[in-house]
Amino acid sequence: MIQQKVGAVLVVGGGIAGIQAALDLADTGFFVYLVERRGAIGGTMAQLDKTFPGNECSM
Amino acid sequence: MNIELLTLTDVEQVEGEIGRFRVKLRQRPRYVNMDRCMACGECARVCPQEVADAFNGGITTRKAIYLRYPQAVPLKYQIDPQRCLKIQSGTCGACEKVCQAQAINWEDRERSWTVDVGSIILAPGFQPFDPRGIRTWGYGIFPNVITSMELECYLSTAGPTQGRLIRPSDGGPVRKIAFVQCVGSRDENNCGHGYCSAVCCMSALKEAMLAKEVGGDVDVAVFFLDMRTPGKDFERYYEKARRRGIRFNRCRVHSLEPVGDCQRLYFRYITNEGRPARETFDLVVLSLGMETNADARGLAERSGLQLNEDGFLDTSSFQPVATERPGIYACGVYTGPKDIPGSVVEASAAAMAAAGHLAEVRNSLVRSVEFPQERDVAHEEARVGVFVCCCGSNIAGVIDVEEVAEYAKHLPHVVHVETSLFACSQDTQEWIRRRIEQLGLNRLVVAACSPRSHEPLFRETLKNAGLNEYLFEMANIRNQASWVHAHAPREATDKAKDLVRMAVAKVVLAEPLPPVQANVNPTVLVIGGGVAGMTAALGMADQGYPVHLVEKSSQLGGNARHLYRTWKGEAIPEFVESLVERVKAHPYISIYLRSQVVKAEGFLGNFRSTIRKGNSPLILDHGVAIVAVGATAYKPQEYGYAESQRVLTALEFDKLHAVGDERVAKGRSFVFIQCVGSREPERPYCSRVCCTHSIQAAIELKEEDPSREITILYRDIRTYGLREKLYKKAREMGVVFINYDMHDKPSVRLGPNELYVQVTDHVLHMPLSIRADVVILATAIVPHPDVKDLAQVYRIPINEDGFFQEAHAKLRPVDFAGEGLFLAGLAHYPKPLDETIAQAMAAVAQATRVLSIRRKDVDAIKAYVVEDKCDGCGLCLDVCPFGAIDWDPKSGGGEGTKLVRINAILCKGCGSCQATCPKDGVRVAGFTYHQLMEQVRSCFAA
Amino acid sequence: MLSIFDLLMDYVQTGRLELDPRLHPETTTFHDSCHYGRKSLQAFGHGYFEEGRWLVRQCCPNYVEMYPNREGNYCCGGGGGLWSVPFHEERVFHGRFKARQIRNCGARRVVTACHNCRDQMEKSLRKEYDLDVEVVYLWELLARSLAAPGRRSSGGSR
Amino acid sequence: MKHRFRIIAFACHWCAYAAADLAGTARMAYPASVRIIRVLCSSMVHPHLVLEAFQRGADGVLVMGCREGECHYLDGNLRAKDRLSALEDMLETMGIESERFRLVWCSSAEAERFTQACVEMEQTLASLG
């Protein structure tokens, strides 16, 4: 059993919301596990507007 | 670097509690080694299995080994085990044979492990409703009935038809399109979903406009129940669509019939004038709603959470991203249907909430990499090393790599050339590093693929070898030569030589760039003491940042002081009271009442704002500012408001209702008039909250006394998302809804003790006079006058309606284009309390990101001034889009020549200044005039 | 309680009835009556949509659909007892949708299981809208499709 | 078409260069005469660079940036448009047909638009001889 708080966050879902949350957390000093059930992140938004594909996310 | 991306992974089990969760994860096999796959695509080329591509709505096909989409992150292939012949029947294996990177791994197996985390954020998203089961719409039966997602693909220039609009059945032209709204939403009968999906009206509008754009004379008709465009700038777009000639019909389409050979579709409907009509269309588009998918339901179960009857997670308005289980947060469509900006806002809010209780362990697990001391090469002669990549056969299969390498050896300054199978592989990195050290190389050119994907990797290699990372250049001989000139190997090889020569010419002039570091003042200025401002102030202060909270009036609370209940029924006064108490008690928050910001200077990290409190000015230094100045209510002139005490605004009514005023208490008949001041020519936006508010008030009145007669006169009922439930409840309780038209507004006649409201009934098409005791006007939310002043003080843009303009409507909803400034609340756009709170939390998350920049180096590609060339003409000042250039005070005044200086934090390196400067007095590091010029020249130097 | 559909399907599936699909080559469609379909779905949780189609297909290989169909099917116009009451004009007027549907689908034979629908279509719509079709009961079709001993085609489905 | 043209394309990192990358990924062939020079923004292209290219023997020059209103640097592409449109007259007076110089706006996903622009330029050059 872990006693102390853990400085990591689990983000479930690699769509636009998950990506945003993960970037916000990683940039402010937390280690993030970004879990996506498909083979690539991007979610619905990558599908939606082809002029804003998932490459907006600067990993 | 501090994000571990786990694809094909599911959450199995969640144990533990806030601060220390233990989560069991399960990863399905990809059958492709992620470290080895270079995404060259050879495998997919030879794979014999064609599979319908779900990413493109099944319109196109992909292979059994595939990328989800061309820009996929991570850019690694994956094998669909259900379709792979090797996995299914042990045959084939063609991909393995062609993969030179040896990335195919048939032995890949499912693995489970646990991770320890302090917080969990759930954002599993949604799936579009599947209309297949509902035969009356004929989806899956008639090829020309398609979904909105499929139309999106047809309209996309990157899609299967390159953006041409065609009839799926035969590729014929499309002359008439019908959009059918609310498919899978607001329809308990057919799909069991009573809620509104909140995004489909707007997406249909967008697609309708795109369709008009693509096929100029195409006729587009939208069949809708209520047009729901309550978002920022949405109503304007709706108006634009109407002017563009898109027809809007308020009618539910019950079923479709094929005409003749099924190429066209026919249906009957009722026109807006109440007459039956029939029409034939080439294409029928079903605007799909959202629903929670099975994975998201399972996730809730495994996380120990309950979904509501609609399949979404219920959250409190006051804590919009917190779930019932402390430490677990949710955002996006999981908490109810919403659009992209709404999801982005909630995601940031969830990040803030998740970080909030982990403040003491911040930075405890992040990793940073140590690099060796940088070698000073500024005064060395250029010694360029060139590595030519084969990319398996992707480059070498077309281009004679040896010939290119041989050619490169004779280029000036080149001291070493070699080829490699995969320049980006792990071992090649190590090899290049050793070569740099052994041979004393001080510049590197890699002739391979795109710098957009691989420059960061090679820069890292340079750093590892003790070289400045900017002494590097890529020649993109794959994407720009071997792949696009595959049938002309000679020309491709010649082009590759040119590209290498140009890269060498550029890199020779490259200079080592020192890292740019920002000095950031950690203090935060929050302007506005309403709920948004207070939430933001508390969020920042709780993380230990000192906060100045500036409020114009004499008390905190803002507009929320006039509100009683959220749409979910929570009591607002108690919430506001406790918020005020917490802000007042917080040791890190200084409150300035009766104060206003009058002047500001500086930039991200170092702002200096002057506030006026009474007559005395006060100077506050701060690193970032969050602007939350709110909005005010429209004061109506219409509907007899000025003449009668019985005509009230919604806020006035709430107050009288709360105190038990006899006009309300004894009233038998109430009429609500919607869109008073909103959606008018002079204010062409929807105020977003008023439909919900009126319906909620109507329900309360009915609950107190069911015999009361309550009528709501509306243009479109906009109870978006889960708020639709209220609309349904009101109708069930007997509230009468009468639709009125913009051009035939109701009127109010004053009687001695009562009022008479005249309106044309939309069903009977006959005039109606309703006797009312009280008429309640749902008045618009209008921008606060302060918005204009602050826009000038901080040079932030405002939109046509007078609200602040965020940096990007979809992806950066709480940032301003000018860095270090953030916004939240009604100053951005009318919105209910829960969305205001989420936005304030998101502003906190973004501000925190900026404040932690101190630990981070900024990209060094910035403009700099060449002092002995700049003559201070100042042409560059006007063209800089970021206001990063100003006069250098050191040089100005007296006899000295006037010079400009560049603020490296504000500069983004676009080079507008460089292209404007007639004297070569300002250069963008890494892309100097000379470097670009040398590239041009060397292009013709063969 | 067993519905006529269940009974007939059972007979066909167990071989008690042998059908000869060569007897009815004409294009045939099936009309979903509201009682066996929508109403049954609402009242008993099961609408008889697929059973009737299956049976018709056993008899008539040349089968077409009317659209919309099944739970979205149009009323024949004789529903709600309208066939047996004296609202003649209204009944014919309401039948225009069905008549159009029948004409559009191109069938020469309409099969249905409901007597009300059958009467409306056979005795009224056919005349009033000049439809070149015959309307038969489901069991009538089966009876007319019975394979005579010795005439049964080899390789037929069992 | 034996004569080999030489076309210089200044492509902005965020959109046009990305579209060119995508054209590669999608194996969309376009004339081999095109040489891309990556710039961060179309507004970075100094008019001298265009003139130098023609002087050195370029048959055509393309400046490619983000679609209007989608510039990564707010309005850099509009600035480039203002600045470089003026070049056309200058080119004419120098005896260079203004058709040899073109501004093209395309998004990062519009590989088709990118290749199309290259093809059209080559066709223009062929017709000019």
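Placing +1 at every Lys and Arg Cβ and -1 at every Asp and Glu Cβ, with all other atoms neutral, what dipole size does the range D:7-128 have around its Cα centre, in debye to the nearest 20? Each step should come with its number before you reach the end.
Values: 11 positive and 16 negative charges, 77 e Å.
Roughly 360 debye for the range D:7-128.
Restricted to Cα atoms, the range C:20-144 shows a radius of gyration and a Dmax of 13.7, 41 angstrom. Could you work out the percent of alpha carbon pairs in chain B separated by over 45 Å, rounded to a whole number? Counting pairs separated by more than 45 Å, the tail of P(r) holds 42 percent.
Place a +1 charge on the Cβ of each Lys and Arg in the range C:1-104 and a -1 charge on the Cβ of each Asp and Glu, then give the dipole magnitude about the Cα centre in debye, rounded to the nearest 20.
It works out to roughly 340 debye.
Site pair residue B:741 and residue B:763 shows an inter-label distance of 1.9 nm when each label is modelled 7 Å from Cα along Cα→Cβ. Stretched out straight at 0.36 nm per residue, the stretch from residue B:162 to residue B:898 would grow longer than its current Cα-Cα span by 259.7 nm. Estimated from the Cβ-Cβ distance and a Förster radius of 51 angstrom, the FRET efficiency linking residue B:610 and residue B:418 is about 0.25.
Within the range B:24-111, report the GluC sites (Glu not before Pro) that DSSP leaves as loop and that have at most 15 other Cβ atoms within 10 Å.
Values: sites: B:42, B:50, B:96, B:107, B:110; in loops: B:107, B:110.
Those satisfying the criteria are B:107, B:110.
When the scattering of the range B:209-313 is computed by the Debye formula from its Cα atoms alone, each counted once and equally, what is log10 I(q)/I(0) at q = 0.17, 0.20, 0.21 Å⁻¹? Computed log10 I(q)/I(0) values: -0.94, -1.09, -1.15.
Kindly put B:283, B:457 in sequence by how many other C-beta atoms sit within 10 Å of each C-beta, fewest to most. Please list the in-between numbers first.
Numbers: B:283 26, B:457 12.
Ranked by crowding around the Cβ, least crowded first: B:457, B:283.
With each label modelled as a point 7 angstrom along the Cα→C-beta vector, the residue B:189-residue B:26 pair spans 4.1 nm. Relative to one another, the C-alpha centroids of the range B:442-513 and the range B:926-942 are positioned 14 Å apart. Fewest neighbouring Cβ atoms within 10 Å first, the residues B:121, B:146 line up as B:146, B:121.
What is the percent of Cα-Cα separations in the range B:653-712 that go past 20 Å?
Values: 564 of 1770 pairs.
Percent of Cα pairs beyond 20 Å in the range B:653-712: 32.
Does anything in the range B:381-397 have its amide N under 19 Å from the 7 Å Cα→Cβ label point of residue B:488, and if so which residues? Hits in the range B:381-397 for residue B:488 at 19 Å: B:395-397. Residues whose amide H comes within less than 5 Å of that of residue B:122, counting only those at least five positions distant or on another chain, are A:12, B:329, B:330, B:331 (H built at 1.01 Å from N in the peptide plane). For the range B:29-109, the spread of Cα positions along the three principal axes, ordered from largest to smallest, is 31, 28, 22 Å.
In deg cm²/dmol and to the nearest 500, what is the mean residue ellipticity at 222 nm of chain D if only DSSP H runs of at least 4 residues count, each as -39500 (n - 2.57), divided by the residue total?
Values: 4 runs with 56 residues, N = 129.
One gets -14000 deg cm²/dmol as the mean residue ellipticity at 222 nm.
How many percent of all Cα-Cα pairs in the protein assembly as shown sit more than 42 Å apart? When all Cα pairs of the protein assembly as shown are counted, 54 percent exceed 42 Å.
Where does each of D:62, B:307 land when they are ranked from fewest to most other beta-carbon atoms within 10 angstrom? Can you show the working numbers first?
Details: D:62 23, B:307 16.
Listing D:62, B:307 from fewest to most nearby Cβ atoms yields B:307, D:62.
Can you compute the helix-only [θ] at 222 nm over chain B? Use -39500 (n - 2.57) per DSSP H run of at least 4 residues, normalise by all residues, nearest 500 deg cm²/dmol.
Values: 24 runs with 249 residues, N = 942.
One gets -8000 deg cm²/dmol as the mean residue ellipticity at 222 nm.
Debye-formula intensities of the range B:127-291, expressed as log10 I(q)/I(0) at q = 0.18 Å⁻¹, are -1.18 (one equal scatterer per alpha-carbon, no solvent).
What pairs from B:584/B:702; B:552/B:862; B:729/C:39; B:862/D:81; B:232/B:908; B:24/B:729 go past 30 Å between their alpha carbons? Please list the in-between numbers first.
On the way: B:584/B:702 39 Å; B:552/B:862 39 Å; B:729/C:39 27 Å; B:862/D:81 22 Å; B:232/B:908 28 Å; B:24/B:729 42 Å.
Beyond 30 Å: B:584/B:702; B:552/B:862; B:24/B:729.
Computed about its Cα centre, the charge dipole of the protein assembly as shown is approximately 1420 debye, with only Lys, Arg, Asp and Glu carrying charge at their Cβ. Can you compute the FRET efficiency between residue B:17 and residue B:261 using 1/(1 + (r/R0)^6), with r the Cβ-Cβ distance and R0 = 56 Å? Round to the nearest 0.05. Computed FRET efficiency for residue B:17 and residue B:261: 0.30. Computed extension length for residue B:920-residue B:393: 185.4 nm, one decimal, from 0.36 nm per residue of separation with the Cα-Cα distance subtracted.
Seen against the Cα atoms of chain B and their longest principal axis, helix B:234-243 is set at about 80 degrees. Axis angle, to the nearest 10 degrees, between helix B:451-464 and the longest C-alpha principal axis of chain B: 60 degrees. Sites listed here are trypsin sites (Lys or Arg not before Pro) in the range B:599-676 whose DSSP assignment is loop and whose Cβ has at most 14 other Cβ atoms within 10 Å: B:666, B:668. With the cut-off at under 12 Å, measuring from each backbone N in the range B:525-564 to a point 7 Å along the Cα-to-Cβ line of residue B:700 picks out B:562-564. Given R0 = 60 Å, the distance between the Cβ atoms of residue C:96 and residue B:887 translates into a calculated FRET efficiency of 0.15.
Computed over the range D:1-128, the alpha-carbon pair-distance distribution with 5 angstrom bins reads 2, 12, 23, 24, 21, 13, 5, 1, 0, each value a whole percent.
Full extension of the chain between residue B:243 and residue B:1 gives 82.2 nm of extra length, using 0.36 nm per residue less the Cα-Cα distance. May I ask for the angle, rounded to the nearest 10°, between helix B:340-356 and the longest principal axis of chain B, with both axes built from Cα atoms and the value confined to 0 to 90°? Once rounded, one gets 80 degrees. Distance between the 7 Å Cα→Cβ label points at residue D:90 and residue B:682: 4.9 nm.
A short reminder: the numbers here are calculations on the coordinates, not readings from a lab. Since the structure is predicted, the reported quantities are computational estimates derived from the model, not experimental observations. Don't worry about glycine lacking a Cβ; one is built from the backbone with ideal geometry, like all the others, and counts go over all protein chains shown.
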